[in-house]
Every structure is written in C-alpha cells, then in structure tokens.
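The values are calculated or read from the model by the stated rules, or taken from the named source; none is laboratory data. It should be emphasised that the depicted structure is a prediction, and the values quoted were computed from it without experimental measurement. All Cβ positions, glycine included, derive from the backbone under ideal geometry; neighbour counts span all protein chains shown.
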Amino acid sequence: MSKGGRGAKQGSEHHAAVLTEAAVFQIRLRAASGVSQGVLAVEFCVSPQTVNGIVRGRSWRHVSGPIGPFRPSLETVQVLVALAEKHGKSLEEELVLAVRELANREGIK
C-alpha cells in the first residue's frame with residue numbers, strides 16, 4: 001500500500017511513532033519563534049531531519065501549527081522591537097510572547 005494510503009495509521013497512532021501530535025505542534029511553534037531545529041531535535045530525541053520535515057510541513061501534515069520559517073514583515077518587526085524596548089526584554093523574548101498570545105487567542109495549546 002502506498003505511503004499515507006487508506007488504512008495507514010497516522011501520527012502517534014503509528015506503531016513506530018516517537019512523537020505525539022502535541023509535541024509536533026510544540027516543535028512547529030518553537031521553531032517559528034526562533035529556536036533552532038538542532039536544539040529541538042535534541043530536546044525531543046529525534047533527528048534533525050525529522051524536525052526539518054515537521055517544520056517544513058512534509059511530515060505530520062495532519063497537525064496544525066506554523067509551517068515553514070517565520071518571516072515577519074518589516075512592520076511586524078518594528079512593532080516587536082518597540083514592544084521589546086518598552087518591556088525591557090530581548091526581541092526573542094517578545095517574539096515568543098507574541099506567538100504564545102496569538103496561539104492563546106486562536107485557542108491553540
């Protein structure tokens with residue numbers, strides 16, 4: 001049977017799965033906020049290639065979350081820089097907070 005065909009188990013239901021859907025979502029969210037794929041691979045005990053496939057949307061397609069590298073517009077970066085300066089935080093900390101707020105607003109955990 002072809003890959004992903006009828007009857008094929010998906011995600012954490014597959015007998016060889018190492019990750020859960022929640023872990024995949026966290027990988028995508030954290031990668032979008034700037035955490036390196038190498039760090040994520042070590043933290044989640046998977047290969048860098050596995051993390052790359054997840055982040056690019058080639059694997060675990062049934063799981064939501066940001067796919068691909070986060071490339072904010074210039075306006076978004078300016079807003080984040082202003083917020084970081086206002087709150088006395090680094091730009092990375094402010095970006096993580098912004099991503100978390102968006103996820104909360106969308107009801108994503």
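Can you find, within the stretch 11-61, the residue that is surrounded by the fewest Cβ atoms within 10 Å (Cβ to Cβ) among those that are among the polar types (S, T, N, Q) and assigned to a helix (DSSP H, G or I)?
GLN49
Scan the stretch 46-69 for residues that are of a type outside the set (A, V, I, L, M) and closer than 17 Å to GLN10 by Cβ and jot them down.
THR50, GLY53, GLY57, ARG58, SER59, TRP60, ARG61, HIS62, SER64, GLY65
Given the condition of a type in the set (Lys, Arg) and either modelled with pLDDT of 85 or more or surrounded by 14 or more Cβ atoms within 10 Å (Cβ to Cβ) (or both), answer yes or no: does some residue in the stretch 62-84 qualify?
no
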